[in-house]
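**Q** Please find one structure pasted underneath; my questions will follow.
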Amino acid sequence: MSTPRVTVFIPVHNRQRYITTAVDSILAQTFENFELLIVDDGSTDATLEVLSRYRDPRLRVEGNARNLGIPATRNRGLELARGEYIALLDSDDKSWPNRLARQIETLDRHPELAQVGSACDFMDDQGQRLKRVRRQPLAADDVAASLAFYCALTNRTIMARTAILREHGYREDFPRCQDYELHQRLSRTQRMANLADILVCGREHSGRFTKQTDALGRERKREICRRALIETGLVPSEADLDRHYALARPKKLGAALNEEYLGWADQWLARLDAANRRSRRHVPEALTRVMTERWIDLCWHARRQLGSAAYLRLIRSPLARRLPATLLRRLAS
């Protein structure tokens, strides 16, 4: 059998209701030189029976002898993948038909990129499209700087160079956020970007592992942020780390998004900028862009509680120097 250009990898555990949607979306791709590798992580429902009905020779189903969990199953997928590139997809999601073609074209054209993600839209439990799109920063420098605040690549949308992901692997002590941990670790030596195209549709439903482990996810993300800050040259206290984590999640602050928090954020971002200019961990202009976006978002959400005081905070910050006057007028209205 000839070596496929790309391996599409889907880890699966008890997804008999959704797995056909994921598989069918890959078999319908406009780019056809791929293998579809599915690693079953000890399913106890009819997932394997459903998969056995397919006759497409590009589909390859492997199974773990027992349930190993998400990161170990992802590592096994990396070991089994035969393609030069590996495209990731969750077992309850689907790829739009031009996904593989678009991402292969990008990686072929940009050998400096280790992986590329994309924008992502969403569907509900029944497969009905939702009016929601997740967009991520596009440029590699902005992706790297954003990882100090949040996961700036959506795992279900990623296509990567298989050898690089295999070399680094997923940490198995991260049952949640192992993708974010890997991206942040990769950012030390590799460049990663996102496409503006919507190439994948994620499914929202109550059975998603992320919805069932919110507290664990927060703890793991918080630790990734701590590491990112230390690499930038800023060692956070526990209180500062909690507040830093909230910078990318202003809706969750509620009443805590007050004048005192905005004052802390203004000073903290200035400290982060100064530390980065010393360490050169991130391209300074890229980190400034990311921090400016975070500052605007904070002040925008704070306006409901603080009114004009939030606008005054916005324009008095050194970060406001990057804002065009037209945007400042719009935010003030």
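Read the figures in this text as sums done on the coordinates, not as results from a lab. Values in this document were obtained by computation on a predicted structure and should not be read as measured data. When we count neighbours, we look across all protein chains shown, and the Cβ atoms used for this are built from the backbone with ideal geometry, even at glycine.
**Q** Could you work out the relative contact order of the chain? I mean the mean sequence separation of Cα pairs under 8 Å and 6+ apart, divided by the number of residues, in percent.
**A** Values: 567 pairs, mean separation 51.9, N = 333.
Relative CO of the chain lands at 16 percent.
**Q** Among Lys94, Lys131, Lys251, what is the fewest-to-most ranking by other Cβ atoms within 10 Å? Spell out each step's value before the answer.
**A** Values: Lys94 24, Lys131 6, Lys251 9.
Arranged by neighbour count, lowest to highest, Lys94, Lys131, Lys251 become Lys131, Lys251, Lys94.
**Q** Would you please give the FRET efficiency between Glu219 and Ile315, computed as 1/(1 + (r/R0)^6) with r the Cβ-Cβ distance and R0 = 41 Å, to the nearest 0.05?
**A** Working: r = 36 Å, r/R0 = 0.88.
Efficiency at R0 = 41 Å is approximately 0.70.
**Q** Based only on other Cβ atoms within 10 Å, what is the fewest-to-most ordering of Leu262, Leu89, Leu48?
**A** So the residues, fewest neighbours to most, are Leu48, Leu262, Leu89.
**Q** Once Lys and Arg get +1 and Asp and Glu get -1 on their Cβ, which of Leu48, Phe9, Ile158 lies farthest toward the positive end of the dipole of the chain?
**A** Towards the positive end, the residue furthest out is Ile158.
**Q** On average over all directions, what projected area in square nanometres does the chain have, based on the convex hull of its Cα atoms?
**A** Details: hull surface 70.8 nm².
If I average the Cα hull's projected area over directions, I get 17.7 nm².
**Q** Hey, if you put +1 on the Cβ of every Lys and Arg and -1 on every Asp and Glu Cβ in region 272-319, which of Ile296, Ala275, Ala310 ends up farthest toward the positive end of that dipole?
**A** The listed residue farthest towards the positive side: Ala275.
**Q** Then there's this: What is the distance in Å between the Cα centres of region 74-88 and region 1-22?
**A** Distance between centres, Cα-based: 11 Å.
**Q** If you don't mind, there's one more thing I want to ask. Whose amide H sits under 5 Å from the amide H of Val200, counting only residues 5 or more places off or on another chain, with H placed in the peptide plane?
**A** Trp96, Asp121
**Q** Can you tell me the FRET efficiency between His110 and Ala163 if r is taken as the Cβ-Cβ distance and R0 is 22 Å, rounded to the nearest 0.05? Don't jump to the answer; show the numbers that get you there.
**A** Working: r = 16 Å, r/R0 = 0.73.
That pair, His110 with Ala163, gives E of 0.85.
**Q** How large is the charge dipole for region 233-332, taken about the Cα centre, if only the Cβ atoms of Lys, Arg (+1) and Asp, Glu (-1) carry charge, to the nearest 20 debye?
**A** Details: 19 positive and 10 negative charges, 82 e Å.
So the dipole magnitude of region 233-332 works out to roughly 400 debye.
**Q** Using 17 Å as the cut-off for backbone N distance, which residues of region 213-237 belong to the label zone defined by a point 7 Å from the Cα of Arg277 along Cα→Cβ?
**A** The answer is 232-234.
**Q** Of Ile19, Gln29, Cys177, which is farthest towards the positive pole of region 6-212's charge dipole, taken about the Cα centre with +1 and -1 on the beta-carbons of Lys, Arg and Asp, Glu respectively?
**A** The residue sitting most towards the positive pole is Cys177.
**Q** What is the fewest-to-most order of Arg313, Arg185, Arg277 by other Cβ atoms lying within 10 Å of their Cβ? The partial results should precede the final answer.
**A** On the way: Arg313 21, Arg185 18, Arg277 15.
Final ranking by Cβ density, sparse to dense: Arg277, Arg185, Arg313.
**Q** Under 9 Å from the Cβ of Asp266, count the other residues' Cβ atoms, weight Lys and Arg +1, Asp and Glu -1, and hand me the total.
**A** +2
**Q** So what is the diffusion coefficient of region 233-332 in µm² per second by Stokes-Einstein at 37 °C and 0.692 mPa s, using a Kirkwood Rh over Cα pairs?
**A** Details: Rh = 13.9 Å.
The estimated diffusion coefficient comes to 236 µm²/s.
**Q** Here is a further query. So what is the calculated 222 nm ellipticity per residue for the chain, using -39500 (n - 2.57) for each DSSP H run with n of 4 or more, over all residues, to the nearest 500 deg cm²/dmol? Working shown, then result.
**A** Values: 14 runs with 154 residues, N = 333.
So the helix-based figure for the chain works out to -14000 deg cm²/dmol.
**Q** Fully extended, how many nm does the chain gain between Arg53 and Arg188 (0.36 nm per residue separation, minus their Cα-Cα distance)? Walk me through the intermediate numbers first.
**A** Working: separation 135, 0.36 × 135 = 48.60 nm, distance 4.35 nm.
Extra length from Arg53 to Arg188 when fully extended: 44.3 nm.
**Q** What nm distance separates the two modelled labels at Arg249 and Trp264, each placed 7 Å from Cα along Cα→Cβ?
**A** Roughly 1.5 nm, to one decimal.
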